[in-house]
Each structure stands twice: as C-alpha cells, then as structure tokens.
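A short worksheet on the structure shown next.
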2 protein chains.
Amino acid sequence: MSRAQTVVGYTGYIGGLPSQVLAGKNVIATGMTGEVARCESAVESALAGRDTAVVSSGDAGVYGMAGLVLEILEKRGLLDRIEFEVIPGIPALCAAAALLGAPLTHDFAVISLSDLLTPWQTIVRRIQAAASADFVIVFYNPRSKRRSAQLAQALDIVRLARGETVPVGLVRQAFREGQKVGVCPLGAFDFQAVDMLSLVVVGNSTTRIAGGRMLTPRGYAEKYDL
Amino acid sequence: MSRAQTVVGYTGYIGGLPSQVLAGKNVIATGMTGEVARCESAVESALAGRDTAVVSSGDAGVYGMAGLVLEILEKRGLLDRIEFEVIPGIPALCAAAALLGAPLTHDFAVISLSDLLTPWQTIVRRIQAAASADFVIVFYNPRSKRRSAQLAQALDIVRLARGETVPVGLVRQAFREGQKVGVCPLGAFDFQAVDMLSLVVVGNSTTRIAGGRMLTPRGYAEKYDL
C-alpha cells in the first residue's frame, strides 16, 4: 500500500489506519453500504493511471472487496487493461480462533448469516450440511440490531446435531479496542452479547473446553500416546 | 517471537526463518512426523521457565500446532501454570485465494484430504455435504506420493454436484520459491501437478473464470446494478 497514490475504503477502516500510511495520498472513504460506489471509484482511479489500493479489514478475499473489484473489472472489459493484485491478510476467523484457543485444527465451514445478498434458505441448507457432517463452524455477520432471528435459528440447527454441550466461542472486536472473548457450552450461550462486530465459532463433536479455551483435537491423542 | 528464548519448529520452517530472528535463541528443530515430540519439548522448555515460541507455517490454528500444544498442557495438568497464547497469521487458504483471484467471497468449507489422523469415511461425508450445499471448497493436503487416490475421489464427488465446468484452482508454494498458480474447469484439471505443498480450491455453482482468475460473486450484481 505504500506505493499506492489513491487509497479507497470504508470510512471506519480508513479511520483505523495510522495517519503516516495515508500521508500524501488521495483518500476516498465512503459509508457502510457504499461498496459498489467505492469499488467503482477505485477502478476509475486506476483507469486514470493511478496506483490504487482498496482496503478491507481482515483478509480482502474472505467476504471482502477483492471479488467486487474483480467483478467490476470484468463487467467493464478492463481485465486486460488494469493490473489487479490481492494482498492476503489475517482473516477475522484466524484472529478469533487464536483468542479462543485452538478451535480450527480440523475441517471447518465458514458461513455468513447475513441474508441481505443470499437467500436465507441457501444459508440454512449450508448450516444443516455443516452441522450434520461435523464441521467446526464459523459464523460471520451473526447478528445485527435489525436481524437477530437468524443466529437463534442457526444455533437451533447446530443443537439438533450436537446437543447443548458443544462448546461455542464468541469473539468481539478481536485485537481491537473493546475486545471480548467468551467460551461456553451452547446451552449457556448468551445471544444478547452478539453483534455485527462479533464472530461465533461452534465446535465439532470432539471439541472440548480446556482451561476456558476451545480445543478441537487433531486426532493425535488417539494415534499417539500423549 | 522476538521475546522468545526458545524457538521450536519443523526443520523446514525453522530453515525458512531469517537468521537474525533466531540469533541468540535456543532452537529445537525436528523432522516431519515429530509433531508430538516437538510440542512436548516446547512444554518442557516453558516449564523450565523459558519464554518459548512454537512456529507453524501459515496460521498456527488452521491444522497447525496450536491445538497440540494446548492438548499437551491439558493432559499434563499445566493449563494454570503455563501461559499460552496463539498469534494469528495468514493461513495458506488466504494466500492461495489471493493468488487465484477472489474465490472465497462467499461461504466456504476447508477440508484436509489426509486420512492419517481422520477416517476416510468422515472426510468423504464432509466433501459430500460441502458439495451438495454449494460451498466453495478448499482442500488441504490434497495429494502425496503415497496418497493420490483421495483427490481423485474428492473431485468425483464434486463433479456429481457441479459438473465438469466448475472452476478449480491450484496453488503450489504460495508466495514462495517455486510458486505455481493455475485455474481451469474441473474437466481439464491435471492431478499430476498436485502435491503436499499445494492447495486445491473448487468454486461454488456461481464461481466463474474472469481473466484467468477465479471469481465467486458475492451477490452484488443481482442486487445492485454494476
């Protein structure tokens, strides 16, 4: 990003960048639902010959802006004209997992509970599949002020497959101000604490709580003698 | 890691660290199947009062050593005595996705094809669930010299659900020497190029190839006018 002449991003993420990173750069910051306009501006800037960086929080490829920029380049027939590169980052799911202990040491599924751009029935089908095949599950966008029924329904599906004792982890604002981390059995899980700045991680059938942390064993204990 | 007095890791990863990082530290490097012994040494070192870092490639929580260390601490009743912290990193799945374009902008499942520590039937059940519920799928440990039938069988399951045209991406040695990146329809996919240093990413039913890259649209194009 140090090479970029223009930096484009959601106001909240731009505000979180150290000011020296943005010094001397043209900054385009837009609000919460301005994703398309934001990425269009980035493409316009690149078309004008400027090195342009679109910033995402976490990893730009995981529910991030990488796809939308590529889609706009494709739609406008610019794939050959504008160089496009994605820089990987630490996704929220890894930040959350680190704070929870070691929930992701075995196969896992990542599901967004936002039904703004995806039909709820598709999401339900995915939760059912992940729950029945014993994946650890990471829920993105678990609950907002206007959308709270989805998480309850998702956890009901998980409960059917794994019972009340499966460990559930909640991480809010991982490695940021206001960080909250909690682990408990599903039966004791408090919905009220969950918001859009949270991730919810549900263990698989072997996940247990160890020292207040989530631990999904990889299988070594059975194979080797610990 | 700069604070650590002892650094423990697989020989291959330790060798990849800049020498100044290891200067003045006690280094314990062991071979490929020495995971348990390695983590036991790390716990011994911490018990002796030394700040100890266990290094993993990618993210230590995704099929990494975080779980094994926590498991050993639990087994030995040391959870209260030894401070344990996981530092998140960029997982191989995000490095691969970045090089492939934008395959992970929607729900995805991560599955290891290694049946060394997991029964093959459990793995098959997960592939079937992920394929039928239209997850993008990331395959870790896709193929080794002694284990090549698993990937063929996994892709046969995917083919049943998504046909021959679903895009498949292969990334070998992401951001390392010997990096290889390829995208093609499943029908044209070459197994021979896949090894244990590779990740294979299979698109969902909406993933397409755009300018040689994998693009999973997030849904914006239907909802908004691009």
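Of note:
- The residues A:GLU177, B:GLU74, sorted by heavy-atom accessible surface at 1.4 Å with ligands and nucleic acids left out, run A:GLU177, B:GLU74 from largest to smallest.
- Dimensionless Rg over Rh [segment B:28-152; C-alpha; Kirkwood]: 1.03
- All other residues whose Cβ lies under 11 angstrom from that of A:GLY101 are scored, Lys and Arg at +1 and Asp and Glu at -1, for a net of -1.
- Debye, to nearest 20: dipole size of chain A, +1 on Lys, Arg Cβ, -1 on Asp, Glu Cβ: 420
- Gyration tensor over the Cα atoms of chain A: the corresponding equivalent ellipsoid has semi-axes (square roots of 5 times the eigenvalues, largest first) of 36, 19, 17 Å.
- Under Karplus coefficients 6.51, -1.76 and 1.60, residue-wise ³J(HN,Hα) of segment A:181-193 in Hz, glycine/proline x: 9, x, 10, 7, x, 3, x, 9, 6, 9, 4, 4, 7
- Taking the Cα centre of the protein assembly as shown as reference, the dipole from Cβ charges on Lys and Arg (+1) and Asp and Glu (-1) amounts to some 40 debye.
- With label points set 7 Å from Cα along Cα→Cβ, the inter-copy distances at A:GLN192 are 6.4 nm, sorted shortest first.
- Based on alpha-carbon atoms, the Kirkwood radius and the radius of gyration of segment B:146-226 give Rg/Rh equal to 1.03.
- Label-point distances for B:SER2 to the equivalent site in the other copies, using a point 7 angstrom along Cα→C-beta, read 1.6 nm when ranked shortest first.
- Cα-based helix-to-principal-axis angle, B:149-162 vs chain B, degrees rounded to 10: 40
- Spin-label model distance (nm) - A:ARG159 vs B:SER148, 7 Å beyond Cα toward Cβ: 5.0
- Using alpha-carbon coordinates, inclination of helix B:66-75 to the longest axis of chain B, degrees: 50
- Charge tally in the Cβ shell below 15 Å around A:ALA4, where Lys, Arg are +1 and Asp, Glu are -1, A:ALA4 excluded: 0
- For the protein assembly as shown, the tally of Lys pairs with Cα-Cα distances below 27 Å comes to 6, considering only residues 8 or more apart or on different chains.
- Residues whose amide H lies under 5 Å from that of A:TYR63, counting only those 5 or more places away or on a different chain, are B:THR105, B:HIS106; hydrogens are built 1.01 Å from N in the peptide plane.
- Cα Rg, Dmax (largest Cα-Cα span) when computed across the protein assembly as shown, Å: 21.6, 62
- Inter-copy separations for B:ARG147, label at 7 Å along Cα-Cβ, nm, ascending: 3.8
- Rounded to the nearest Hz, the phi-derived 3J(HN,Hα) couplings of segment B:123-133 under the Karplus curve 6.51 cos²θ - 1.76 cosθ + 1.60 (θ = phi - 60°) are 5, 4, 4, 5, 5, 4, 5, 5, 5, 6, 9, where x marks glycine and proline.
The values are calculated or read from the model by the stated rules, or taken from the named source; none is laboratory data. Being a predicted model, the structure only gives us computed values, none of them experimental. Counting neighbours? That spans all protein chains shown, and the Cβs are built from the backbone with ideal geometry, glycine included. For accessibility, only protein heavy atoms count, side chains too; no ligands or nucleic acids. Shrake-Rupley method; radii C 1.70, N 1.55, O 1.52, S 1.80 Å.
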